[in-house]
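The values are calculated or read from the model by the stated rules, or taken from the named source; none is laboratory data. Computed from a predicted structure; not experimentally measured. As a convention, Cβ positions derive from the backbone with ideal geometry for all residues, glycine included, and neighbour counts pool all protein chains shown.
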Amino acid sequence: MNIIRYDYAFPFRIDPASGQGARASYAAHVDQMIRQILLTSPGERINQPQFGCGLRQLLFAPISDALVAATKLQITTALNQWLSDQISVSNVSVTQPGDIDSELSIRIDYTLLETQTSVQTTLQVLQGGTNGPA
């Protein structure tokens with residue numbers, strides 16, 4: 001029997017049809033948690049000051065092999081710290097598209113531990129703009 005798991009959607013909102021908290025599928029919820037971790041800077045959460053990855057700090061550093069390696073390590077470490085019971089990270093790739101200094105494109109390949117499903121999340125981190133799927 002295949003049980004479908006749902007969690008609360010992030011950001012939290014009320015579902016207009018049911019009048020209850022909106023829900024997201026397990027895979028979508030994990031994707032939302034990954035985005036929360038990557039886009040939160042340590043110190044932003046009062047009760048969890050170590051939570052987050054702090055990617056926005058890296059946006060104006062010139063792209064180099066050292067920056068890419070450090071960013072991959074920072075992402076992998078944060079995801080392993082906060083989501084090791086949900087995912088297994090298999091690969092992280094970081095690129096700076098074109099010659100835009102204030103943008104990083106990140107792709108994370110991981111396995112959902114509960115379903116053993118391989119998933120890929122892409123994210124563009126922009127300074128002063130929107131953040132979303134690449």
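Quick grid of which residues meet (1) of a type in the set (Ser, Thr, Tyr); (2) touching a strand residue (DSSP E or B) at 6+ places or on another chain (Cβ under 8 Å); (3) in a loop (DSSP other than H, G, I, E, B):
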| site | (1), (2), (3) |
| --- | --- |
| 27 | no, yes, no |
| 32 | no, yes, no |
| 41 | yes, no, yes |
| 44 | no, no, yes |
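Which ones in the stretch 47-66 are touching a strand residue (DSSP E or B) at 6+ places or on another chain (Cβ under 9 Å) and farther than 20 Å from residue 78 by Cα? Answer for the stretch 47-66, where residues must be touching a strand residue (DSSP E or B) at 6+ places or on another chain (Cβ under 9 Å) and farther than 20 Å from residue 78 by Cα: just 63. Hey, residue 88 hits all of (1) at pLDDT below 90; (2) outside any helix (DSSP H, G or I); (3) farther than 14 Å from residue 35 by Cα but one; which does it fall short on? Going through the list (1) at pLDDT below 90; (2) outside any helix (DSSP H, G or I); (3) farther than 14 Å from residue 35 by Cα, residue 88 breaks only (1). One residue alone among 119, 68 is closer than 13 Å to residue 33 by Cβ, of a type in the set (A, V, I, L, M, F, W, C) and surrounded by fewer than 18 Cβ atoms within 10 Å (Cβ to Cβ), and that residue is 119.
Restricting attention to the stretch 43-60 and to residues that are more than 19 Å from residue 89 (Cβ to Cβ) and in contact (Cβ under 8 Å) with a residue 12 or more places away in the chain, the residue that is surrounded by the fewest Cβ atoms within 10 Å (Cβ to Cβ) turns out to be 60.
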